[in-house]
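Participant: Please find one structure pasted underneath; my questions will follow.
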Amino acid sequence: MSNLFVRKATGMVRSWSVFDAFIYAFFSINIVTLGFYSFSQMYFFGGGMINALVLSAVFLIFEIIVYSSLIAVMPRSGGDYVWMTRIFGGGAGFILSITGWWFTLWLWTPIYGDMLRQFVLTPLLGVLGQKDLALWFSGKGTPLFVSTMIAIAFVSVVIALGMKTYARVQKYSFYAGMLGLLIIIIMLFTGSHESFKAGFDANATALFGASSGAYDATVKAGTDAGATTPISGGTLNLVFLTLPWLVFFNLWPNWGATLYGEVRGATDYKRNFSGMAWALGSVTVLGIVFFLGVSKTIGWDFYMQGNGAWWNYAWGYVTNIPPLPVWPYPALLAVFLTSNRLVQIVVILLMSFWWFGWAGTLFLSSTRVIFAAAFDRLLPEKVAELNSNGTPINAMLLMVLPAILVSYLYAYNVGAAADGTGGFYTVTLAATQGIAIMYFGTAIAAIILPYKKKELFNASPIAQMKVAGIPMITIAGVIFGGFLAFLLVEWMFDPWLNSGGEGPGLYGISFKNTWSIAFLLGCYVLSAIIYYGFKAYRKQGGIDMDQVQKEIPVE
Amino acid sequence: MTTIFFATDIHGSDICWSKFLNAGKFYGADTLILGGDMTGKAVVPFIHQGGDHYRVTLLEQVYDITTEEELKEMTKRVRSRGYYPYNTNPDELIDLQNKPELVHDIFRAEVLRVVQQWMDLADKKLDGTDMKVYCSPGNDDMAEVDEIIRSSRRVLLVEGQVTQLDAHHEMIASGWSNRTPWDTEREEDEDQLAARYEAMISKLKDPHNAIFNVHVPPYKSGLDEAPELDKDLRPVLAGNSMIPVGSTALRAAIEKTKPLLSLHGHIHEGRGSTRIGKTLCINPGSMYEQGTLLGAIVKLGKNKIENYVLTSG
């Protein structure tokens, strides 16, 4: 719209910077925290990692189109919750969104805690010469629980500081983290495998007390663990099978998107799209560069063997502590290329910003959803109260207290068999599954939007975006929804589809995993109880919750 | 018990105004309050290309209109977003580009024409009903709007007044805001706002049962969180940095007077409710561009709020 015909009025702002939007999307698909963590766990697949990265990015572009389009039609509205509620009506939006944006984040809490110790505490203590404490933090049970409590404390401080402060913390963290990653990549591309091997043996012993010959022992332990995942190649079928695990890392380019401002035309739509798409593209390229660097210096097979050795132990398949007695954090492996302690400390510190700049995402979105539900009177008014410092203390408690319980179950692997396998620790991917189910609801909402809300769509900035007469949002919704359906089927029917009905399958969260199913069902039942319970309660007070969400007739 | 329906910031949307007038019956409310910012922000030129052909650019999408039916549909679509269609031709468009001050006159004429239409519609729709409708234009509404509202039989202009809503509740109202980066029609410094509020509060007979219908939300209430802007009015950090922009004078007035209820708008993304002391503060937010009327139903009891809920209609 020409500025000539726009008058000076409140809120008539200029477009936000694509680069800023890029940073938030880039941090949401965090190549270090989410990326390194999930790549590491994917040691037993047959599809190539580079192929999987590229293939997943192709599908996720359609996720970006879906979210950019929904933001264009209904900006600043509250995201998935409002989109689904307005397009489907009823409680579907509430139940899916409350589970996806709030309850599922309880499960993410110990995962953030695990990452804190693996990415920050253990490696930092190691390079600082605190071997015993470093080894303690990498242990099972209490160390994970303690690390999670530290993570909760940090994230609570973030909430108390508010988004204005944390948004800046994120931006500075982006630059610090990128500097650290750049150093790592340079080290990986300039080092040699021989120097890495020597550095690995020397540093594993010096920093973490590993027995001599840790490199060769790791090769054996990893091979025994079944480390097979190639850097590239594999049949299309095998590559597809890696995706349900890989999306733990990159399903989130849209995470901060619902905060983007008013969309006043195709230009703003493109800004939204570009911010997220550039982030997805950059992270994908960065992932490939990282893999190539690993392959050159660490050696791809050794990287996967190190991962296999660690996770085979962490998941309880073997009881012997791996030769390198800490998680093989790629940044740590890279700094093994030098014996200069100061360089090691600086690089590990810089890399820790990937966690600190990202961790606030744990409770920030949840707090918003809790507030939205309270404003809709589907939670008590008290939960949206701010204390005298402006901190949403009650909403935080609704996040923190259940998260502590879930973290306890996770850290102490409640329900594990006598041999240490199974238990609540196996439900890691359910954290992705819960949100993917919500995204699936949003994808369906996107598909039907142009037909169910015709006037709304026709008066939107994407009304003319069509392919062969079919709205782009519908096409993108079908592709993204189809991809999510594939993921959901794979996760749910994993043993039947992938291992003849035996074992945990590839992803461990199928219908055979009682903990995973109980967690998800528990979340949905709880959100349904809240929705229908409060609806009935408000009705007693003279408020019909269906009526207050219905469209008022115009005539 | 009095049941009020409050909505705000409908910014010229015909759909939202019609819904507002129907909301009383729809939600079972007996009093309708519009919080301000009734007028739209943009004019959309319909450029005559000869014959029945018009070219319209809406949200950076170009539409070629070739039939009467399409013209009607496009007019409705533009009005649904609160924009003002303006029939013009390529020659006039060049004139307007050379003399942007003329666009101001077009804006004024269109804004006032639509407000008049709205008052006519209200008079027609609400005649024969007991529905009470109160309105106080907001900081984006030009002064001339007041006269048109005053001429309405059914919509009462309450700016700067104490209004007796029922036997127990009085309402003060103001659409004036604290300073904004846009230098809008009704904005002033905090000390001037404080004096404006005090002039009304001093006339209240029962301040603790009063309702503050004030367009701007109180400072740091959570209802006043807006994207932080840089000097070029560009949201910083992709809109992720939200800052409080409400009125400190209003917050002080609420803390001192402790009214029963406080109703606000101004910050469209600030939808929510909160308490300052015991005062319930509500900002229903605004989604006028999508033709959705956000609002709040509040059931007023003697010395207390019986119940309330935010609506999305």
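The values are calculated or read from the model by the stated rules, or taken from the named source; none is laboratory data. Because the structure is a prediction, the values reported are computed rather than measured. No Cβ is skipped: glycine too gets one built from the backbone with ideal geometry, and neighbour counts run over all protein chains shown. These accessible areas exclude ligands, DNA and RNA; they are computed on the full protein's heavy atoms, side chains included. Shrake-Rupley method; radii C 1.70, N 1.55, O 1.52, S 1.80 Å.
Participant: Name the residue farthest towards the positive end of the dipole of the protein assembly as shown from the options A:Leu449, A:Ile348, A:Ala72, assuming +1 on Cβ of Lys and Arg, -1 on Cβ of Asp and Glu, about the Cα centre.
Facilitator: So the residue we want is A:Ile348.
Participant: In whole Hz, what ³J(HN,Hα) sequence does region A:318-328 give by Karplus (6.51, -1.76, 1.60; θ = phi - 60°), x for Gly and Pro?
Facilitator: Once rounded to whole Hz, the list reads 10, 9, 6, 5, x, x, 8, x, 10, 4, x.
Participant: A further question on this structure: How big is the Kirkwood radius of the protein assembly as shown, worked out from every pair of different alpha carbons and given in Å to one decimal?
Facilitator: Taking every pair of different Cα atoms in the protein assembly as shown, averaging 1/r and inverting gives 28.9 Å.
Participant: Compute the relative contact order of chain B as a whole-number percentage, counting only Cα pairs closer than 8 Å that sit 6 or more residues apart in sequence.
Facilitator: 20 percent.
Participant: Another one. Please identify every one of the chymotrypsin sites (Phe, Trp or Tyr not before Pro) in region A:496-540 that sits in a loop by DSSP and has no more than 16 other beta carbons within 10 Å of its own beta carbon.
Facilitator: Of the chymotrypsin sites (Phe, Trp or Tyr not before Pro), the ones in loops of region A:496-540 whose Cβ has at most 16 other Cβ atoms within 10 Å are A:Phe511.
Participant: Calculate what fraction, in whole %, of the accessible area of region B:252-304 sits on carbon and sulfur atoms when a 1.4 Å probe is rolled over the protein chains.
Facilitator: Roughly 49 percent, rounded to a whole number.
Participant: Given charges of +1 on the Cβ of Lys and Arg and -1 on the Cβ of Asp and Glu, with all other atoms neutral, how large is the dipole of region A:30-179 about its Cα centre, in debye to the nearest 20?
Facilitator: For region A:30-179, the charge dipole is close to 320 debye.
Participant: If amide hydrogens are placed 1.01 Å from N in the peptide plane, which non-local residues have theirs closer than 5 Å to the one on B:Phe46?
Facilitator: It is B:Tyr86, B:Asn87, B:Thr88, by chain and number.
Participant: Moving on to the next point. Here are some pairs, A:Lys197/A:Lys296; B:Lys278/B:Lys299; B:Lys278/B:Lys302; A:Lys8/A:Lys454; which of them have Cα atoms lying more than 20 Å apart in this structure?
Facilitator: Where the Cα-Cα span goes over 20 Å, the pairs concerned are A:Lys8/A:Lys454.
Participant: Under 8 Å for C-alpha pairs, at least 6 residues apart: give me the relative contact order for region A:1-141, rounded to a whole percent.
Facilitator: 12 percent
Participant: Rounded if a/c is under 1.5, else prolate if a/b is larger than b/c, else oblate: which is region A:144-217, with a ≥ b ≥ c the root eigenvalues of its Cα gyration tensor?
Facilitator: Since a/c reaches 1.5 but b/c is at least a/b, the shape of region A:144-217 is classed as oblate.
Participant: Pulled fully out, how much extra length does the chain show between A:Thr514 and A:Arg14, if you take 0.36 nm times their separation in residues and subtract their Cα-Cα distance?
Facilitator: 174.9 nm
Participant: Let me ask you something else. What's the average, rounded to a whole number, of partner chain beta-carbon atoms within 10 Å of each residue's beta-carbon in A:540-553?
Facilitator: 6
Participant: Which one of A:Thr235, A:Ala536, A:Pro322 is farthest out on the positive end of the charge dipole of chain A, using unit charges on Cβ (Lys, Arg +1; Asp, Glu -1) and the Cα centre as origin?
Facilitator: Going by the charge dipole, the pick is A:Ala536.
Participant: What order do B:Arg77, B:Arg186 take when sorted by accessible area (1.4 Å probe), most exposed first?
Facilitator: My answer, sorted largest first, is B:Arg77, B:Arg186.
Participant: What do you get for the angle between helix A:361-375 and the principal long axis of chain A? Use alpha-carbon atoms, 0 to 90 degrees, nearest ten.
Facilitator: Between the helix axis and the principal axis of chain A, the angle is about 20 degrees.
Participant: Quick one: buried accessible area between A and B, total over both chains, 1.4 angstrom probe, nearest 100 Å²?
Facilitator: 6400 Å²
Participant: Rank these residues by their accessible area, most exposed first, probe 1.4 Å: A:Arg368, B:Arg150.
Facilitator: B:Arg150, A:Arg368
Participant: Name the residues whose placed amide hydrogens come within less than 5 Å of the amide hydrogen of B:Thr2, ignoring near sequence neighbours (fewer than 5 apart) on the same chain.
Facilitator: Long-range HN contacts for B:Thr2: B:Leu300.
Participant: First measure r as the distance between the Cβ atoms of A:Val146 and A:Ala468, then evaluate 1/(1 + (r/R0)^6) with R0 = 60 Å and state the FRET efficiency to the nearest 0.05.
Facilitator: According to the calculation, E is roughly 0.55.
Participant: What does the charge count near B:Asp230 come to, summing +1 for each Lys or Arg and -1 for each Asp or Glu among other residues with Cβ under 15 Å from its Cβ?
Facilitator: +3
Participant: What aspartates and glutamates could a cross-link reach from B:Lys76, if we take a straight Cα to Cα line under 20 Å and drop same-chain neighbours fewer than 8 places away?
Facilitator: A:Glu455, A:Glu551, A:Glu555, B:Asp9, B:Asp14, B:Asp52, B:Glu60, B:Asp64, B:Glu68, B:Glu110, B:Asp120, B:Glu289
Participant: Okay, next question. Quick check for me: using +1 on Lys/Arg Cβ and -1 on Asp/Glu Cβ, what's the dipole size of chain A about its Cα centre, in debye to the nearest 20?
Facilitator: The calculation lands at about 1440 debye.
Participant: Below 15 Å, Cα to Cα, which aspartates and glutamates can A:Lys539 reach? Residues fewer than 8 away in the same chain don't count.
Facilitator: A:Asp376, B:Glu306
Participant: In addition: Counting heavy atoms of the protein chains only and a 1.4 Å probe, report the per residue accessible area for chain A as a whole number of Å².
Facilitator: On a per-residue basis, 34 Å².
Participant: Just to confirm, what accessible area per residue do you get for chain B at 1.4 Å probe, in whole Å²?
Facilitator: Value for chain B: 37 Å² per residue.
Participant: Another question, if that's okay. Hey, rough spin-label estimate for A:Ser499 and B:Ala194, points 7 angstrom out along Cα→Cβ, what's it come to in nanometres?
Facilitator: Once both label points are built, they end up 7.0 nm from each other.
Participant: Moving on. Pull up all non-local amide H partners of B:Val133: gap of 5 or more, or a different chain, and H-to-H distance under 5 Å with H placed in the peptide plane.
Facilitator: For B:Val133, the qualifying residues are B:Leu32, B:Leu156.
Participant: Now a separate question. Could you tell me which residue out of A:Gly299, B:His215, A:Met49 lies farthest along the dipole of the protein assembly as shown toward its positive end? Charges go on the beta carbon: Lys and Arg +1, Asp and Glu -1, centred on the Cα centre.
Facilitator: Among A:Gly299, B:His215, A:Met49, the one farthest towards the positive end of the dipole of the protein assembly as shown is A:Gly299.
Participant: Tabulate in residue order the Karplus-calculated ³J(HN,Hα) for region A:29-44, using 6.51 cos²θ - 1.76 cosθ + 1.60 with θ = phi - 60°, rounded to whole Hz; enter x for Gly and Pro.
Facilitator: For region A:29-44, the Karplus-derived couplings read 9, 6, 4, 8, 5, 6, x, 4, 5, 6, 3, 4, 7, 8, 8, 10 Hz, x marking Gly and Pro.
Participant: Using a Gaussian network model on chain B with a 10 Å cutoff between Cα atoms, which of B:Thr279, B:Thr292, B:Thr75 fluctuates the most?
Facilitator: Answer for the Gaussian network model of chain B: B:Thr75.
Participant: Can you order the peptides A:458-464, A:340-346, B:5-11 by their average number of other Cβ atoms within 10 Å per residue, highest first?
Facilitator: So the order, starting with the most tightly packed, is B:5-11, A:458-464, A:340-346.
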